[in-house]
Amino acid sequence: MSTLTYPDLSPNSDFYSDVPVTYLTKKYGTPIVVYSMKRLYENISRLKSAFANHQVKIHYAVKANYNPYMVSRIINSGVGIDAANLNEVRLALLSGAKPSDIIATPNNLSGNELLKISQLGVTINFDHQGQMETIKNHLPETVSFRINPGIGRGEFAGITTAGHDVKFGISPRDALKAYDSARKCGAKKFGIHMMTGSNVLDPEFFKESTERFFSISCEISDSLGIEFSFLDIGGGFGVPYDLSTGPLDINRTAGYIEQNFLKYRNKGYFKDSDLIIEPGRYIISDAAILVSEITSIKNSEHKIIGLDTGMNTLIRIALYGAHHGIKIAGYSDQEYSNLSDVVGQVCENTDYLARNILLPDVHIGDPAIILNAGAYVSSMASNYNLLGTPAEVAIDGNNDILIREHSTLDTMLGGFLK
Ligand code: LLP
């Protein structure tokens, strides 16, 4: 077992953000997602200072985690929002964002929904010309398109969102037609967007993809004689899910992106353009743990440890083959010596949280801690098998605050005909 540590977790995993894990499980039950606000703010300030040389606008991708408490704290830290649809736009507004601090990057929304977003004063990165034309008489002040720069990278194929065989965005050639059409519909201001994939730990990829993106943007500018008010390079900034993997070198990454941007600016492009990034995972993934309880231990061929959470809460493992570190509160690193599988309560054999990992000689009732639970965990959770979603608790200074209740049968059945 690695002796490397996870942010804010004590060496024996019995304290998180200085609060005993068993205090939290006794007070709130399990499963619970516990956030460290300290780590969240550290992530935001690290990003801000990496990109400080050029004033980059940060828009948090709310799909990573839409808990309103977290979203409002992120907005209060001076961060804008990237929203995928009208409901995410509404959440951003309810959490304190101004319409001008929100950009929507929707996928296949109806004209009606696009219209509502536009009428709220929110800029839209349209996926393609046809989507823009559904609201051609009510376009937002700034019209932007999502470009596929021809390359993509993501930790898994399912989260690679540019390159070949992806449903997103348009080629540079189609973009020429799309901007021309927007201009004919009366658009006067333009933006341009890409999102190439998620959880990338290699700064060189950001160097290559932004170079392509900026160069495509200049070609479009030259061909149509338009200027871009913003260039939005999407998110994708990765975090390690394995304690032996190093973090993304964010300063080097930011340095490459800024160098590429300034190269074109020095050639006379992007004079009044904002540079925008849309991180989701980088801001919130390692600012939370998912704490569950060991409910069963089966000593068969494989030692199978059962938890009171599983793929209903954390689908990433079954969906992509993702890895999440697991620690058991109260044991030292030396005690991680038993090969074990970790499973949940769903009636499917995809419901493994880990296979063949080293764990201590655990006991029923021990708190099992699943790492990197801030991003794409509760936002992707379901009620499959009528298993509820976890409660959520924020550790903010000296306070622990319940920021989402456990779901109950009643809340799960709300909306059904009785
Ligand atoms: N902007 C757009 C338009 C996006 O589609 C996404 C994520 C982001 C920003 C934020 O990407 P991030 O910085 O978090 O990598 N459910 C998957 C991740 C899917 C990401 C999809 N788009 C997972 O669990 O890994």
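The values are calculated or read from the model by the stated rules, or taken from the named source; none is laboratory data. Only a predicted model underlies this, so the values are computations on that prediction, with no experimental measurement involved. Using ideal geometry, Cβ is built from the backbone for each residue, glycine included, and neighbour counts are taken over all protein chains shown. We work out accessible area using only protein heavy atoms, side chains counted, and drop any ligands, DNA or RNA first. Shrake-Rupley method; radii C 1.70, N 1.55, O 1.52, S 1.80 Å.
Asn356: net charge of surrounding residues, Cβ under 11 Å, Lys/Arg +1, Asp/Glu -1, itself excluded?
It works out to a net charge of +1.
How high is the relative contact order of the chain, in percent, counting Cα pairs under 8 Å that sit 6 or more residues apart?
Reported as a whole number, the value is 19 percent.
Using modelled amide H (1.01 Å from N, peptide plane; none on Pro or chain starts), what sits under 5 Å from the amide H of Asp232, excluding residues fewer than 5 places away?
Correct list: Ile192, His193, Met194, Ile276.
For region 290-307, just list the computed ³J(HN,Hα) in residue order, Karplus coefficients 6.51, -1.76 and 1.60, θ = phi - 60°, integers in Hz, with x standing in for Gly and Pro.
With coefficients 6.51, -1.76 and 1.60, one gets 10, 9, 10, 10, 6, 10, 7, 9, 10, 9, 10, 3, 9, 7, 10, 9, x, 10 Hz.
So what is the calculated 222 nm ellipticity per residue for the chain, using -39500 (n - 2.57) for each DSSP H run with n of 4 or more, over all residues, to the nearest 500 deg cm²/dmol? Could you put the intermediate results ahead of the total?
Values: 12 runs with 120 residues, N = 418.
So the calculated ellipticity at 222 nm is -8500 deg cm²/dmol.
Projecting each Cα onto the charge dipole of region 105-279 (Lys/Arg +1, Asp/Glu -1 at the beta carbon, about the Cα centre), which of Thr142, Phe213, Thr161 comes out farthest on the positive side?
Final value for the positive-end residue is Thr142.
Just the Cα atoms of the chain, one point each, no solvent: what log10 I(q)/I(0) does Debye give at q = 0.07, 0.09, 0.13, 0.14 Å⁻¹?
-0.36, -0.58, -1.11, -1.23
Could you go through region 165-178 in sequence order and give the Karplus-derived ³J(HN,Hα) for each residue, using 6.51 cos²θ - 1.76 cosθ + 1.60 with θ = phi - 60°, rounded to whole Hz, and x for Gly and Pro?
Once rounded to whole Hz, the list reads 6, 10, 8, 9, x, 9, 6, x, 5, 5, 5, 4, 5, 5.
Once you sort the root eigenvalues of the Cα gyration tensor of region 251-293 as a ≥ b ≥ c, which label holds: rounded (a/c under 1.5), prolate (a/b larger than b/c) or oblate (the other case)?
It comes out prolate by the Cα gyration axes.
Considering only protein heavy atoms and a probe of 1.4 Å, how much of the accessible area of the chain is carbon and sulfur, as a whole percent?
50 percent
Need the list of lysines near Lys63 for cross-linking: C-alpha distance under 26 angstrom, and skip anything on the same chain fewer than eight residues off.
By straight Cα distance, Lys63 reaches Lys38, Lys48, Lys98, Lys116, Lys167, Lys207.
Could you pull out every residue, at least 5 positions away or on a different chain, whose amide H is within less than 5 Å of the one on Glu141? Hs are placed 1.01 Å off N in the peptide plane, and Pro or chain starts have none.
none
Placing +1 on the Cβ of each Lys and Arg and -1 on the Cβ of each Asp and Glu in the chain, which of Ile357, Leu413, Val342 has its Cα farthest towards the positive end of the resulting dipole?
It is Leu413.
How much accessible surface does Phe205 have with a 1.4 Å probe, in Å² rounded to 10?
10 Å²
Lys298: which lysines have alpha carbons under 23 Å from its alpha carbon, excluding same-chain residues fewer than 8 sequence positions away?
Cross-link targets: Lys327.
From the mean inverse distance of alpha carbon pairs (Kirkwood) and the Cα radius of gyration, derive Rg over Rh for region 140-221.
Here Rg/Rh amounts to 1.01.
Leaving out ligands and nucleic acids, note down the accessible area per residue over region 105-279 with a 1.4 angstrom probe, in whole Å².
Heavy-atom accessible area per residue stands at 42 Å².
Can you pull the percent of Cα pairs in region 105-279 with separation above 24 Å? Walk me through the numbers on the way to the answer.
On the way: 5512 of 15225 pairs.
So the pairs more than 24 Å apart make up 36 percent of the total in region 105-279.
Check each of the GluC sites (Glu not before Pro) in region 150-243 and keep only those in coil by DSSP with at most 14 other C-beta atoms within 10 angstrom; list them in order.
Filter output for region 150-243: Glu227.
Once you have all Cα-Cα distances for region 1-107, histogram them in 5 Å bins from zero and send the whole-percent values.
2, 11, 18, 16, 17, 14, 11, 8, 3, 0
So how do His323, His406, His54, His164 rank on accessible area, 1.4 Å probe, biggest first, that is with the largest at the start?
On the way: His323 90, His406 65, His54 25, His164 165 Å².
Accessible-area ranking of His323, His406, His54, His164, largest first: His164, His323, His406, His54.
Hey, any idea what Rg/Rh is for region 282-418, computing Rh the Kirkwood way over Cα pairs?
Rounded to two decimals, Rg over Rh is 0.98.
Taking the Cα centre as origin and putting +1 on Lys and Arg beta-carbons and -1 on Asp and Glu beta-carbons, what dipole magnitude results for the chain, to the nearest 20 debye?
1280 debye
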